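A short reminder: the numbers here are calculations on the coordinates, not readings from a lab. All values reported here derive from a predicted model rather than from experimental measurement. Cβ: placed from backbone, ideal geometry, glycine included. Neighbour counts: every protein chain shown.
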Amino acid sequence: MKAYGRSKLCNILFTRELARRLHGTGVTANCLHPGFVATRFGDESGGLISRVVGLAKLFAISPEKGAETIIYLASSPEIAATTGQYFYKCRPIAPSREAQDDRTALSLWERSAALAGLKA
């Protein structure tokens, strides 16, 4: 779960830096939290984890409901010029303090580029 949480933090940081780099081009970049969606995540974990995940999914939203914010971001003229934001339930919200660190976002971008063999 710790690695999963870090990967989501990196998604937000990467999007912030991408939005900064695209500023003024007319291209936008936003990210989102779809909510707790009943997907196949954790189904193959086995043992107790699979049972806990299966029980938790009783409280999850449908994949269709989870897709609403993605569809909104891709198609709504209301936010066509909005960039660098984090959305939940079709509304911009402030992400965690760690996810708002522009220095960390830049560092992640540079390290990602280096790992990919690209110029930052």
### Query
Let a ≥ b ≥ c be the square roots of the eigenvalues of the Cα gyration tensor of the chain; is it rounded (a/c under 1.5), or, if not, prolate (a/b larger than b/c) or oblate?
oblate
#### Entry: Virtual paramagnetic centre 7 Å along Cα→Cβ of LEU115, amide N under 17 Å, in the stretch 1-42
1-18
### Task
Per DSSP H run of n ≥ 4, the term is -39500 (n - 2.57); total these for the chain, divide by its residue number, and report the mean residue ellipticity at 222 nm rounded to 500 deg cm²/dmol.
-14500 deg cm²/dmol
#### Entry: At q = 0.29 Å⁻¹, base-10 log of I(q)/I(0) for the stretch 52-120 (Debye sum, equal scatterers on each alpha carbon)
-1.14
### Query
So how far, in whole Å, is the C-alpha centre of the stretch 59-83 from the one of the stretch 1-55?
14
### Summed side-chain charge close to ALA99 - residues other than ALA99 whose Cβ falls under 13 Å, Lys, Arg +1, Asp, Glu -1
+1
### Gaussian network model of the chain, springs between alpha carbon atoms under 10 Å - residue of LYS89, LYS65, LYS57 with greatest fluctuation
LYS57
### Query
lysines within cross-link reach of LYS8: Cα-Cα under 18 Å, excluding same-chain residues under 8 positions apart?
LYS89
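For the chain, what relative contact order do you get, as a whole percent, if you take Cα pairs closer than 8 Å and at least 6 residues apart? Kindly include the intermediate steps, with their values, before the conclusion.
Values: 129 pairs, mean separation 42.9, N = 120.
Value for the chain: 36 percent.
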### Task
Can you check what the net charge comes to around ARG16, using other residues whose Cβ is under 12 Å from the Cβ of ARG16 (Lys, Arg +1; Asp, Glu -1)?
-1
### Listed residues LEU18, LEU73, LEU55, most fluctuating in the chain (Gaussian network, C-alpha, under 10 Å)
LEU55
